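Peer 1: Can you read through this structure? Questions will come right after.
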Amino acid sequence: MSVGADPSFESLVHSMTRVYQVILILSTLLGSWLGMQDVHELGHVAAAWLTGGRVSQVVLNPLTISRTDFAENPRPLIVVWGGPVLGAALPLAVWVAAHAARLPGAFVLKFFAGFCLVANGAYIGAGSFNRIGDAGEMLKRGAEPWHLWLFAALTAPAGLWLWNGLGPQFGLGNSAGVVSHKVAYVSCLCCLALLALGFAIGGE
């Protein structure tokens, strides 16, 4: 006589599997949004320092849209481009390094790199039409609209390409919710760290 598995135990295991999947997906999405803003502002700050500018305030409060204010900004066009350029390039470089090192959670960094490429590309491309945000500042400082469109055309599709095929690693499709517990924990901790950083450098 064969004894089948306890249905209640199987249900518990299935529920826990889904919990890890939800943790991984939500922390990756929220962490990507927060991290994208952090790296974007880092680009502005780095460009300002390299061109003799002086930062007066960086706002990273998770409850608002990030921004960087300057006390001195002698090269505003370079500084405004620094945000989206570094904001797209740095996460991509980090993922490439993680992928080369075969880190188990590299797919999360791949998603983050894609997120940053899509977000920065869409932000600059769409902003070129309404002259809002960084795009408006770029046009005001002498950039041509096609510069912004080219940036968007190079970054946003690249980000979508990076996302292609990542679903199973997040427990979607045939993976049926199965994800790496360790990666879920690390992703959650990174997200919490980014939240803490945002509130610590909240600004106004």
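The values are calculated or read from the model by the stated rules, or taken from the named source; none is laboratory data. These figures come from a predicted structure and were not determined experimentally. Positions of Cβ are backbone-derived with ideal geometry, glycine not excepted, and every protein chain shown enters the neighbour counts.
Peer 1: Can you find a residue in the stretch 170-189 that is under 17 Å from the mean Cα position of the chain (by Cα), loosely packed, with under 14 Cβ neighbours inside 10 Å and either farther than 30 Å from P74 by Cα or modelled with pLDDT under 95 (or both)?
Peer 2: Yes, because at least one residue in the stretch 170-189 is under 17 Å from the mean Cα position of the chain (by Cα), loosely packed, with under 14 Cβ neighbours inside 10 Å and either farther than 30 Å from P74 by Cα or modelled with pLDDT under 95 (or both).
Peer 1: Considering (1) farther than 18 Å from P84 by Cα; (2) of a type in the set (A, V, I, L, M, F, W, C); (3) touching a Lys or Arg at 6+ places or on another chain (Cβ under 8 Å), say which one A48 fails and leave the rest.
Peer 2: Result: A48 fails condition (1) only.
Peer 1: Which members of the stretch 40-85 meet the condition of being surrounded by fewer than 20 Cβ atoms within 10 Å (Cβ to Cβ), in contact with a helix residue (DSSP H, G or I) (Cβ under 9 Å, 6 or more places away or on another chain) and under 18 Å from A200 (Cα atoms)?
Peer 2: Those that are surrounded by fewer than 20 Cβ atoms within 10 Å (Cβ to Cβ), in contact with a helix residue (DSSP H, G or I) (Cβ under 9 Å, 6 or more places away or on another chain) and under 18 Å from A200 (Cα atoms): L42, V45, V55, V58, V59, N61, P62, L63, I65, R67.
Peer 1: Further, regarding this structure: Restricting attention to the stretch 126-156, which residues are within 21 Å of the chain's Cα centre (by Cα) and of a type in the set (S, T, N, Q)?
Peer 2: Hit for the stretch 126-156 is T155, nothing else.
Peer 1: Restricting attention to the stretch 157-166, and to residues there that are under 17 Å from the mean Cα position of the chain (by Cα) and small (G, A, S), which single residue is surrounded by the fewest Cβ atoms within 10 Å (Cβ to Cβ)?
Peer 2: A158
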